[in-house]
1. ALA57 is checked against (1) more than 13 Å from the ligand (Cβ to nearest atom); (2) small (Gly, Ala, Ser); (3) in a loop (DSSP other than H, G, I, E, B) and fails just one. What number does that condition carry?
2. Out of (1) at pLDDT 95 or above; (2) of a type outside the set (Lys, Arg); (3) in contact with a Gly (Cβ under 9 Å, 6 or more places away or on another chain); (4) surrounded by 21 or more Cβ atoms within 10 Å (Cβ to Cβ), the odd one out for LEU188 is which?
3. Do we find a residue being part of a strand (DSSP E or B), touching a residue at least 12 places away in the same chain (Cβ under 8 Å), within 16 Å of the ligand (Cβ to nearest atom) and of a type in the set (S, T, N, Q) anywhere in the range 41-51?
4. Name the residues in the range 70-96 that are within 19 Å of VAL143 (Cβ to Cβ) and either part of a strand (DSSP E or B) or in contact with a Phe, Trp or Tyr (Cβ under 8 Å, 6 or more places away or on another chain) (or both), would you?
5. I'd like to check something: does the range 153-165 contain any residue that is within 22 Å of MET18 (Cα to Cα) and touching a strand residue (DSSP E or B) at 6+ places or on another chain (Cβ under 8 Å)?
6. Name the pairs: first residue in the range 23-36 and over 11 Å from GLY72 (Cβ atoms), second residue within 16 Å of the ligand (Cβ to nearest atom) and among the aromatic types (Phe, Trp, Tyr), Cβ to Cβ under 6 Å, at least 6 apart or on different chains?
7. Looking at (1) over 22 Å from SER239 (Cα atoms); (2) at pLDDT 95 or above, which is the one condition that is false for ALA16?
8. Looking at ARG113, is it within 16 Å of the ligand (Cβ to nearest atom) and either of a type outside the set (A, V, I, L, M, F, W, C) or on the phi > 0 side of the Ramachandran plot (or both)?
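The values are calculated or read from the model by the stated rules, or taken from the named source; none is laboratory data. Quick caveat, the model's predicted, so the values are computed rather than measured. Every residue, glycine among them, receives a Cβ derived from its backbone with ideal geometry; neighbour counts consider all protein chains shown.
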Amino acid sequence: MAVHAHPDDESSKGAATMAKYVREGQEVTVVSCTGGERGDILNPRLKDDAHILRDIAQVRRDEMRAAQEIVGFDHVWLGFVDSGLPEGDPLPPLPAGCFALEPLDVTTEALVRVIREVRPHVLVTYDESGGYPHPDHINTHIVSLAAYAAAGDPDAYPHAGPPWRPPKLYYLRTMTKGRLEALHRLMLERGVESQYGDWLAKWERPDVTITTRVECADYFPIRDQALLAHATQVDPDGSWFHTPMDIQREAWPTEDFELVASLVPLMEGEDDLFAGLESLEAADALAQDLDATLVRDTRPESPDGAVALLRSTAG
Ligand SMILES: [Zn+2]
């Protein structure tokens, strides 16, 4: 199960991994915390489309359905409203009723309910930076970690289903400096103009840990198709699609993850999110074993850092 902020995030982050697992027979569920109602129309060809302007929420639902069919995952809307990306100086406050302003108990319960119903063995979400300073992305991290902690606790939200603790919790690590450098280097070597130079020169994000590299280059074209299905959210002529596929496959053929909490030990050179979960039955038993202890736990001690970061994104 992958928890994302908006429709399109699932296609730009980890979609090749999901496409691979679906085709290997795993059940994969994407949870979208919000409906993406406040996203900009980033495709210049669709800027003045009357239908899109009239009902962006429905358009985003239709786009999500198309991406879902391309990758093959099951999909759940958590049902909260896009917070938008506050811009300006001073920053404006977040709009009333948006995801990032919902009480944490409410958003956590909604995700706990989905986790206890779908019963995933692996939960994937964003790190405390959100991967990008959008209030919904940071809040997706906060809510995912709260729900991960609560889902296996029989005293938490007892009316929201029987306890279920996903045996493995990962952060997405698909947008790393190492990957962009590898793409940049190979593009220059092959005489292809690189869009990554400026980005790398201004790179300020802290280094991250990668524990797990999932080989999924065969599924990069599916990932791109899924992203293009979010037609209002992506410019098909934009830089995202500029890197030639053969260079992507050669420079960085994996999508990467960090194991942050686990009931089974981290494998050396781990290349599979399900590594260590011996069988479906064993993983089911582990998820319901309330006495099992985490053998790895690198989660932040409290959500305070992420909450402060979330507050800093709005006035
Ligand atoms: Zn997003």
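1. Result: ALA57 passes all but (3).
2. LEU188 satisfies every listed condition except (4).
3. Within the range 41-51, the first condition is being part of a strand (DSSP E or B), and the residues that meet it are none.
The answer is no; no qualifying residue exists.
4. Selection gives HIS75, VAL76, TRP77, LEU78, GLY79, PHE80, VAL81, ASP82, SER83.
5. No, every residue in the range 153-165 fails to be within 22 Å of MET18 (Cα to Cα) and touching a strand residue (DSSP E or B) at 6+ places or on another chain (Cβ under 8 Å).
6. As it stands, the answer is SER32/TRP77; CYS33/PHE80; CYS33/PHE99; THR34/PHE80; THR34/PHE99, since those pairs meet every condition given.
7. (1)
8. Numbers: within 16 Å of the ligand (Cβ to nearest atom): no; either of a type outside the set (A, V, I, L, M, F, W, C) or on the phi > 0 side of the Ramachandran plot (or both): yes.
Here the answer is no, as ARG113 does not meet what is asked.
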